[in-house]
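Novice: Encoded as structure tokens, here's the structure I'll be asking about.
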Amino acid sequence: MLGIYKTRGFALPTAIFLLVILSIFAVGLLALNAYSQKSTINDVLDVKASFVAKTGIDYGAYLAVKNGACPTTAQTVNINEDYLKGFKFTYTCIQKTANEAGINQIYYTITSFGCNTTGTSCPDNAGRPSREDYVEKSLTTIVAKL
């Protein structure tokens, strides 16, 4: 009979140990889930910024070829579509002329920045450190007017 009383209560420390381990595991899963959601949101914002930067390239190339000249300063355009609300692009254009086989050829170098800033233009150097969800993409292309 004495051996039975010595083993009484051994289940309580085991149960507490298991509860602590399961609690740590649950907290880890919650943290991983929060990180995963934040990562997914940032990935979506990154893709949107890429599309906006590409839109700036297309817009700048269209205007440069259509008008036959580049604007003298950087141009910023706000996007007001639902899916891209809050994004804007800033593009610059540099015009160069080259003589190829006796023909003057006009080239436009267009650089576009797409971002989700509350500032006036991209890149937003002032807003970058203060916003966790700030994204920015830049693209450059060269277009020739034929």
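The values are calculated or read from the model by the stated rules, or taken from the named source; none is laboratory data. These numbers come from a predicted model, not from an experiment. In this analysis, Cβ positions are derived from the backbone assuming ideal geometry, glycine residues included, and neighbour counts consider all displayed protein chains.
Novice: If we scan the stretch 102-116, do we find a residue that is loosely packed, with under 11 Cβ neighbours inside 10 Å, at pLDDT below 85, over 18 Å from T55 (Cβ atoms) and of a type outside the set (S, T, Y)?
Specialist: No.
Novice: All but one of (1) under 26 Å from L139 (Cβ atoms); (2) surrounded by 10 or more Cβ atoms within 10 Å (Cβ to Cβ) hold for V20; which doesn't?
Specialist: Result: V20 passes all but (1).
Novice: Only residues that are of a type in the set (V, I, T) and more than 18 Å from T72 (Cα to Cα): list them for the stretch 121-146, please.
Specialist: V135
Novice: Would the stretch 42-52 turn up any residue that is farther than 24 Å from V135 by Cβ and of a type in the set (V, I, T)?
Specialist: No: the stretch 42-52 contains no residue that is farther than 24 Å from V135 by Cβ and of a type in the set (V, I, T).
Novice: Residues G86, G60: which one is outside any loop (DSSP other than H, G, I, E, B) and either within 18 Å of E136 (Cβ to Cβ) or small (G, A, S) (or both)? Quick ask: steps written out before the conclusion?
Specialist: Values: G86 fails: outside any loop (DSSP other than H, G, I, E, B).
After applying the criteria, what remains is G60.
Novice: Further question: Among the residues that make up the stretch 12-19, is at least one of them of a type in the set (F, W, Y), over 35 Å from the mean Cα position of the chain (by Cα) and not in a strand (DSSP E or B)?
Specialist: yes
Novice: For I79, work out the one condition from (1) closer than 17 Å to D124 by Cβ; (2) modelled with pLDDT of 90 or more; (3) under 16 Å from the mean Cα position of the chain (by Cα); (4) not polar (S, T, N, Q) it doesn't fulfil.
Specialist: The number of the failed condition is (2).
Novice: Any chance you could count how many residues in the stretch 64-80 are closer than 14 Å to T90 by Cα and part of a helix (DSSP H, G or I)?
Specialist: Residues that pass the stated criteria total 0.
Novice: Looking at the stretch 32-53, is at least one residue more than 30 Å from N80 (Cα to Cα), part of a helix (DSSP H, G or I) and at pLDDT below 90?
Specialist: Checked the stretch 32-53: at least one residue is more than 30 Å from N80 (Cα to Cα), part of a helix (DSSP H, G or I) and at pLDDT below 90.
Novice: Ok, one more. Select from the stretch 47-76 the residues that are surrounded by fewer than 13 Cβ atoms within 10 Å (Cβ to Cβ) and among the charged types (D, E, K, R) and list them in ascending order.
Specialist: K66
Novice: Condition first: free of Cβ contacts under 8 Å to residues at least 12 places away in the same chain and closer than 28 Å to D46 by Cβ. Now tell me which residues in the stretch 74-117 satisfy that.
Specialist: Going residue by residue through the stretch 74-117, those that are free of Cβ contacts under 8 Å to residues at least 12 places away in the same chain are 78, 80-82, 85, 97-104.
Once the filter is applied, which keeps residues that are free of Cβ contacts under 8 Å to residues at least 12 places away in the same chain and closer than 28 Å to D46 by Cβ, the stretch 74-117 yields N78, N80, E81, D82, K85.
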